[in-house]
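Written out below as structure tokens is the structure these notes cover.
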Amino acid sequence: MAQFRTDLDDIHFNLFELFKVQDGQHDLAVADLKEIIKEFEKFVAKDIYPTREVGDVEGVQLTDEGVKVPAIFHVANKGMYDNGWYALGLPESIGGMPAPEAVVLACSSIATGASVAFTMYNGLTRAAMNVILKKGNEQQNSLYIPKMMEGAWGGTMCLTEPGAGSDVGAANTLAVPREQGGFSIKGVKIFISSGDSDLYENNIHLVLARTPEAPKGSKGLSLFIVPKTSINEDGSLAESNHVQCTKVEEKMGLHGSSTCELTFGQTGECVGHLLGDEFAGMTNMFIMMNEARLLCGMQGESQANLCALFTEQYARERSQFGTEIINHPDVKRMVLKMRAEARGMRVLNLYIANLMDREREGEADLADEIALLTPVSKGYCTEKALDVAIDAVQVHGGYGYCKEYAVEQFVRDITVAKIYEGTNGIQAIDFVLRKILKNNGVAFNSLKKKINETINLKEAAQWKEELALLQKNIEKAEKIVGQYGKWGMQKKYDKILESCFDFMMFSGRLITAWLLLRGAITASALLPSADNEERKKYLRSKIVDFKVYCRHCLVQNSATSLSILSFSEGIENLEV
Ligand SMILES: Cc1cc2nc3c(=O)[nH]c(=O)nc-3n(C[C@H](O)[C@H](O)[C@H](O)COP(=O)(O)OP(=O)(O)OC[C@H]3O[C@@H](n4cnc5c(N)ncnc54)[C@H](O)[C@@H]3O)c2cc1C
């Protein structure tokens, strides 16, 4: 097993020098925040990282008593709750330890890179708990939140059914009102992450279902809290609530995370409780889905970063033709590109988390930008992370294709993040149709303005060629959005839908290049006062990241814009 590593220099730089999260409305100084990250990283290295390989090899087992996870997962999970890490960033009112969202994300990313399958369990619990916290009534909050906070009960999100994948509105699970209160739930949900496990004594499923007179489609869905085991009023566990795990999927990766088929109400009555208003199921589930989409982006970013660190180390140690392979220009290119891409994903996700902090602190007009960037984080970071993992295998040569150096697992574990939480194709449609066109380009234009402001800074002028490329990219982005408007008016919807994915990736690269430029400007200003060679080397690396990203990644936008703008014939004319 490769030695666990964390790019703490880059995490600290983004948090404290670029985004200055210490200036937010909280009582934590830089030293306190660094201490939290340091202690968390130690916990991850000791308890979470060892679950990565074991989870991959052992996987989970469906037994007569339910799903069993590898024993080592129990140790790490206990540590998450006993040491208070689960509570990090949650409100004090429920026993949480408030901290800036960006710091929480940085910590979650360290854990996720170390063992993505393990982090699925408490990540989903936290996301489900947040929906109950926001939409639950007083009784629901006092029944569920304390148990979820202490790690006794886990949480899941149950949308997908055999006939309802991307088309969530096709869900058929029924929720029939009972005379005694609550709803009788009947149906089958598939692919449910953490759907069952022996990590928790009870599982709290958030289930999208349809009441008898509900309208068709997503507008007719309501959200229900459905515990695996029924709960007495005092919070103690009662009898089975007839939620059965009827299958565990055999997957290409993410083996330590249980992916379950759940059958509700087949062996007896299964009782669910309405969460929020009837027919507001999709809106309420979107609280969880938006959080989960950002978690997917972070899954990509975190694994790409660990993968890039392992690969740089390997390239420094492996010798061919009498020199370490990192000295061969082609390998050096891959190592530098991987670092720039991985760090680019980190700065993108931390930027979004920082927007969330600023919004919470009262800064106006940030909600649309967060909404605009959510599908970009999910789509762009998961796509790019897979590219980074594939390059990692290549740099490792034959060893990369084998298990010993642990990089092939990244390829298998990352791939699913492109699929779940809405495939990247669906993210792209959301990005272009809802977040740009339906918003009349307001959020997109305001982001473009921010990018232009950075380009026009005199501190940026030192990178002439890169700036010219960025400028060209902005012009192309304007042209593409303008063209989308025209196609919309001409009802040429296929022309738009055909290229949404390409434009989401185009935008991901443009925004990442902008954020890396901001990093390069900050690093360049800090360089003269850097007091040791290690620090100088790190700051110089931020400038290299920006340059490498422009010449190897941002340039791809030229081909993308040609593809979107140069061909008048729509895809409907091309026969499959
Ligand atoms: C490991 C794993 C864990 C999961 N965890 C959960 C979970 O916890 N909870 C949960 O509810 N679900 C979960 N899912 C389900 C996941 O969210 C779905 O698999 C995903 O949304 C895609 O649905 P589908 O598999 O039915 O594919 P489909 O919807 O059949 O899509 C197949 C292809 O068609 C494309 N497509 C479909 N419709 C359109 C369209 N209108 N326009 C353009 N392209 C389209 C898709 O992009 C995709 O490429 C999980 C899945 C996996 C594999």
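Residue by residue through the range 473-499, note down the ones that are in contact (Cβ under 8 Å) with a residue 12 or more places away in the chain, over 23 Å from Asn573 (Cα atoms) and not β-branched (Val, Ile, Thr).
Scanning the range 473-499 gives Asn473, Lys476, Ala477, Glu478, Lys479.
Out of the residues in the range 202-218 meeting the condition of being without any contact (Cβ under 8 Å) to a residue 60 or more places away in the chain and either more than 16 Å from the ligand (Cβ to nearest atom) or not in a strand (DSSP E or B) (or both), tell me which one is nearest to Ile287 (Cα to Cα).
Gly217
Yes or no, residue by residue, for (1) over 28 Å from the mean Cα position of the chain (by Cα); (2) among the aliphatic types (A, V, I, L, M); (3) within 16 Å of the ligand (Cβ to nearest atom):
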| residue | (1), (2), (3) |
| --- | --- |
| Gln427 | no, no, yes |
| Trp463 | yes, no, no |
| Glu466 | yes, no, no |
| Met504 | no, yes, yes |
| Gly508 | no, no, no |
| Ala520 | no, yes, no |
| Ser524 | yes, no, no |
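Find the residue count for the range 149-171, including only residues that are without any contact (Cβ under 8 Å) to a residue 12 or more places away in the chain and crowded, with 19+ Cβ neighbours inside 10 Å.
Residues meeting the conditions: 1.
Please give the number of the condition Asp47 fails out of (1) among the charged types (D, E, K, R); (2) more than 30 Å from Val248 (Cβ to Cβ); (3) without any contact (Cβ under 8 Å) to a residue 40 or more places away in the chain.
(2)
Considering only the range 1-21, state which residues are buried (at least 23 other Cβ atoms within 10 Å of the Cβ), farther than 25 Å from Gln409 by Cβ and of a type in the set (A, V, I, L, M).
Leu15, Val21
Could we say that Val432 is in contact with a Cys (Cβ under 6 Å, 6 or more places away or on another chain), within 16 Å of the ligand (Cβ to nearest atom), outside any loop (DSSP other than H, G, I, E, B) and modelled with pLDDT of 95 or more here?
It is true that Val432 is in contact with a Cys (Cβ under 6 Å, 6 or more places away or on another chain), within 16 Å of the ligand (Cβ to nearest atom), outside any loop (DSSP other than H, G, I, E, B) and modelled with pLDDT of 95 or more.
For the range 329-413, please list each of the helices (runs of 4 or more DSSP H) lying entirely inside it that holds at least 3 residues being buried (at least 21 other Cβ atoms within 10 Å of the Cβ) and among the small types (Gly, Ala, Ser).
329-360, 367-395
Under the condition of being among the small types (Gly, Ala, Ser) and part of a loop (DSSP other than H, G, I, E, B), which residue from the range 219-241 is surrounded by the most Cβ atoms within 10 Å (Cβ to Cβ)?
Ranking the qualifying residues of the range 219-241, first place goes to Gly235.
Enumerate the pairs (first residue in the range 172-198 and in contact (Cβ under 8 Å) with a residue 24 or more places away in the chain and closer than 20 Å to Pro215 by Cβ; second residue anywhere and within 16 Å of the ligand (Cβ to nearest atom) and charged (D, E, K, R)) with beta-carbon separation below 8 Å, excluding pairs fewer than 6 apart on the same chain, so at least 6 apart or on different chains.
Taking only residues 6 or more apart or on different chains, the pairs are Asn172/Glu161; Asn172/Arg210; Thr173/Glu161; Thr173/Lys189; Thr173/Arg210; Leu174/Arg210; Ala175/Arg210; Gly187/Glu161.
The values are calculated or read from the model by the stated rules, or taken from the named source; none is laboratory data. Everything numeric here is computed off the predicted structure, so don't read it as measured data. Glycine gets a Cβ as well: all are built from the backbone with ideal geometry, and neighbour counts include every protein chain shown.
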